Amino acid sequence: IRFIVPSNAYSTATLVCFSGDEILMGPLGTFGPIDPQVNGVPARAILRAFENIEARLKAEGPRALTAYMPLISKYDLHILEICKSAQELSEELARTWLATYMLKCPPEDAAVSRIVDFFKSYDVHKSHGRSIDREKARKQGLRPVVDVEGVPGLAELVESLFNQYELWFDKTPFYKVFEDARNTNWGRQMQTVTLQLPLLVPPGLPQPAPQPGPPQPSA
């Protein structure tokens with residue numbers, strides 16, 4: 001299985017690439033951290049916030065609880081378990097796929113641990129949207145990552161295909177598509193819903209003239 005990455009392959013896309021035998025990347029291709037997000041907030045940031053509050057309460061005593069209650073009350077206790085489980089799942093998938101498919105080695109291998117620790121670390125990247133280019137990926141031991149321009153004619157084909165997909169997504173309601181070499185394809189598209197809302201006019205101003213509706217059939 002070969003993944004082609006001409007542009008951004010962040011988050012889950014990075015994780016999926018770990019399950020391939022080879023990754024072809026263009027000069028603008030990038031990976032991203034695989035630290036999980038909970039409702040758009042990094043799980044590690046939520047856990048760290050609770051850890052910091054816990055440490056401060058231990059240092060400052062119960063009297064400080066009043067100051068931190070507004071912060072604690074924003075989250076239910078079960079969110080902590082959700083964050084921990086999300087982190088464990090992300091690491092488990094990355095470790096399993098790297099060991100089974102890409103590196104073909106035991107999950108406990110040092111090469112697998114080095115890659116997983118780097119890509120999952122919120123402390124290192126500090127943003128879920130931070131780019132990881134192919135050189136950084138190779139330095140962490142991710143292999144094989146092949147430059148598309150190193151294969152004669154491949155870079156032009158990848159760029160052309162990428163531009164066609166970009167145009168197709170821009171001109172159609174589709175936002176996701178799957179297809180294979182046997183012309184089997186499937187996709188998801190957005191549905192546009194038109195809502196007619198009443199026009200609110202402040203008191204004292206003239207009311208707008210009613211707009212004509214659709215023509216009515218004649219008797």
The number of residues in the range 161-185 that are among the β-branched types (Val, Ile, Thr) and surrounded by 10 or more Cβ atoms within 10 Å (Cβ to Cβ) is 2
Out of all the residues in the range 35-54, which are open to solvent by 80 Å² or more (accessible area, probe 1.4 Å) and closer than 23 Å to Leu15 by Cα?
-> Asn39
Subset of the range 151-183, residues in contact with a Leu (Cβ under 9 Å, 6 or more places away or on another chain) and of a type outside the set (Val, Ile, Thr), comes to Leu154
In the set Phe169, Phe162, Phe118, the lone residue that is at pLDDT 90 or above and touching a strand residue (DSSP E or B) at 6+ places or on another chain (Cβ under 8 Å) is Phe169
Mind telling me which of the residues Leu24, Leu57, Leu28, Leu15 ends up being out of contact with any Pro (no Cβ under 8 Å at 6 or more places or on another chain), of a type outside the set (Gly, Ala, Ser) and open to solvent by 30 Å² or more (accessible area, probe 1.4 Å)?
-> Leu57
For the range 88-106, which residues satisfy the criterion of being touching a Pro at 6+ places or on another chain (Cβ under 6 Å) and not small (Gly, Ala, Ser)?
-> Arg95
(1) modelled with pLDDT of 90 or more; (2) of a type outside the set (S, T, N, Q); (3) touching a Lys or Arg at 6+ places or on another chain (Cβ under 8 Å); (4) open to solvent by less than 30 Å² (accessible area, probe 1.4 Å): which one isn't true of Ala9, the others all being true?
-> (3)
Note: among Ala86, Ala67, Ala99, just one is open to solvent by 70 Å² or more (accessible area, probe 1.4 Å), among the small types (Gly, Ala, Ser) and in a helix (DSSP H, G or I), namely Ala67
Pairs with Cβ under 8 Å, 6+ apart, first in the range 165-194 and assigned to a helix (DSSP H, G or I), second open to solvent by 100 Å² or more (accessible area, probe 1.4 Å) and of a type in the set (Ser, Thr, Tyr) = Phe169/Tyr175
Does Val41 count as free of Cβ contacts under 8 Å to residues at least 12 places away in the same chain, β-branched (Val, Ile, Thr) and closer than 19 Å to Phe119 by Cα?
-> yes
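The values are calculated or read from the model by the stated rules, or taken from the named source; none is laboratory data. Bear in mind the structure is a predicted one, so any value in this text is a computation, not a measurement. All Cβ positions, even for glycine, are placed from backbone atoms using ideal geometry, and neighbour counts span all protein chains on display. The protein model used for the area step is the full one, side chains on, heavy atoms only, and it has no ligands, DNA or RNA in it. Shrake-Rupley method; radii C 1.70, N 1.55, O 1.52, S 1.80 Å.
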